[in-house]
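Presented below is the structure to which this report refers.
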Amino acid sequence: MAATVADESSGRLTSLLTQPLSRARIIGTEILVTVVGVLGLLTAAGTALWIGVTITAAPLRVTAALAGAWNVAPVALLSLGAAVLALGWAPRAVAAIGAFPVVGGFLLRTVDSPDWLTTLSPFRHVAPVPASPADWGASAGLTGIAAALAAIGVVGYARRDLNC
């Protein structure tokens, strides 16, 4: 999303924005490509983990390796949702706001924070798969929050003045 803001600021999006395409469709395409990229990278990471562990003769099924990799997808989607929210309402802060769920969540889990504060970390709601079963409710909740943030961001992007 930060690249979209940079393209907007530099004028590289001007010819695309003059086409008969809605801004929602343009940003929706960016979101879709990012989601597919995230899932593709997680799949590659899970497959590489399985191959690496299989070479060392440790018992790990490919489904367990993929489940462990895909388990962090809701956190990545939460960052995407935050970045889209910033794109719509605070475009200069896209990188910082988009990174906040991951960086802030990681810091809350590593620094000695009060329990009520660590509850805000998305990593607290992700189960350590494959050591334990996935928490589908938490994953659905994080994904739902990400979708809501992205939807609010798309509305803001469609309404705001662009910097072209």
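For the reader, a short list of remarks on this structure follows.
- Selection from region 1-20 of residues that are in a helix (DSSP H, G or I), open to solvent by 40 Å² or more (accessible area, probe 1.4 Å) and at pLDDT 90 or above: ALA2, ALA3, ALA6, ASP7, SER10
- Filtered residues of region 68-113 (kept if outside any loop (DSSP other than H, G, I, E, B) and without any contact (Cβ under 8 Å) to a residue 12 or more places away in the chain): ALA93, ALA96, VAL103, LEU107, THR110
- Candidates in region 52-61 are the residues that are assigned to a helix (DSSP H, G or I) and either open to solvent by 80 Å² or more (accessible area, probe 1.4 Å) or among the small types (Gly, Ala, Ser) (or both); of these, the one that is farthest from ALA148 (Cα to Cα) is ILE55.
- Remark: ALA73 matches the filter, which requires a residue to be at negative phi and surrounded by 14 or more Cβ atoms within 10 Å (Cβ to Cβ).
- Within region 30-43, being open to solvent by 70 Å² or more (accessible area, probe 1.4 Å) and either in contact (Cβ under 8 Å) with a residue 12 or more places away in the chain or polar (S, T, N, Q) (or both) holds for GLU30, LEU39.
- Criterion (modelled with pLDDT of 90 or more and either buried (at least 21 other Cβ atoms within 10 Å of the Cβ) or out of contact with any Leu (no Cβ under 6 Å at 6 or more places or on another chain) (or both)) met by exactly one of VAL94, VAL111: VAL94
- Some residue of region 21-29 being farther than 23 Å from PRO130 by Cα, open to solvent by 70 Å² or more (accessible area, probe 1.4 Å) and at pLDDT below 90: no
- If you go through region 114-140 and pick out every residue that is in a helix (DSSP H, G or I) and open to solvent by 60 Å² or more (accessible area, probe 1.4 Å), you end up with 7.
- Tabulated pairs, region 1-20, first farther than 15 Å from ALA86 by Cα, second basic (Lys, Arg) and not in a loop (DSSP other than H, G, I, E, B), C-beta under 9 angstrom, 6+ apart or interchain: LEU17/ARG23
- Test result for ASP161, in a loop (DSSP other than H, G, I, E, B) and either touching a Cys at 6+ places or on another chain (Cβ under 6 Å) or under 28 Å from ALA3 (Cβ atoms) (or both): yes
- When region 119-142 is filtered for residues that are over 16 Å from ALA67 (Cα atoms) and of a type outside the set (Gly, Ala, Ser), the ones remaining, listed by number, are THR119, LEU120, PRO122, ARG124, LEU142.
The values are calculated or read from the model by the stated rules, or taken from the named source; none is laboratory data. Note that the structure is a prediction, hence the values are computed from the model and not measured. We place every Cβ from the backbone using ideal geometry, glycine too, and count neighbours over all the protein chains shown. Side chains are part of the model used for accessible areas, which takes the heavy atoms of the whole protein and leaves out ligands, DNA and RNA. Shrake-Rupley method; radii C 1.70, N 1.55, O 1.52, S 1.80 Å.
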